[in-house]
Amino acid sequence: MAPTEEELANRIVRHLSWRNTETVALIWRGYLAGLLEWGLIEVSTYDRLLKLLPKVGSKALYELFADEPVSPEQEAEIDAYLAPSAQPESDG
């Protein structure tokens, strides 16, 4: 049985409260992408849950779903989208 949106949201918030790092955000983005890919969550659920995470890995996520590299134009759009966001803690 697939987890509910509420269960996932609670897990994300709890995990980020313990360790708000880029690595954790990337792990969650990949996990959510897998759930979406396999039809276990809806696109609207995916979009709402992504809003709980720091904006990292957006180019790689685009490439994962598109199955092609980001074009220079798309890269500029993604960079513009990410520009005002706060960055998570470094894992270093």
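Model label points for residue 51 and residue 9, set 7 angstrom from Cα along the Cα-to-Cβ axis, are 0.9 nm apart. Between amide H atoms placed 1.01 Å from N, distances below 5 Å from residue 41 occur with 36, all of them 5 or more places distant or on a separate chain. Apolar share of the accessible surface for the chain: 55 percent from carbon plus sulfur atoms, 1.4 Å probe.
Projecting the Cα atoms of 36, 4, 25 onto the charge dipole of the range 1-64, computed from C-beta unit charges around the Cα centre, puts 25 farthest toward the positive end. For the options 60, 80, 25, a Gaussian network treatment of the chain with springs between C-alpha atoms closer than 10 Å singles out 80 as fluctuating the most.
Sorted from longest to shortest, the spans of the Cα atoms of the range 19-69 along the three principal axes equal 28, 25, 13 Å. Rolling a 1.4 angstrom probe over the protein heavy atoms with all chains in place gives the chain an accessible area of 68 Å² per residue.
When the P(r) is computed for the chain, the part past 20 Å accounts for 39% of the Cα-Cα pairs.
The values are calculated or read from the model by the stated rules, or taken from the named source; none is laboratory data. Because the structure is predicted, anything quoted here is derived from the model rather than measured. Using ideal geometry, Cβ is built from the backbone for each residue, glycine included, and neighbour counts are taken over all protein chains shown. These area figures cover heavy atoms from the full protein model, side chains too; ligands, DNA and RNA do not enter into them. Shrake-Rupley method; radii C 1.70, N 1.55, O 1.52, S 1.80 Å.
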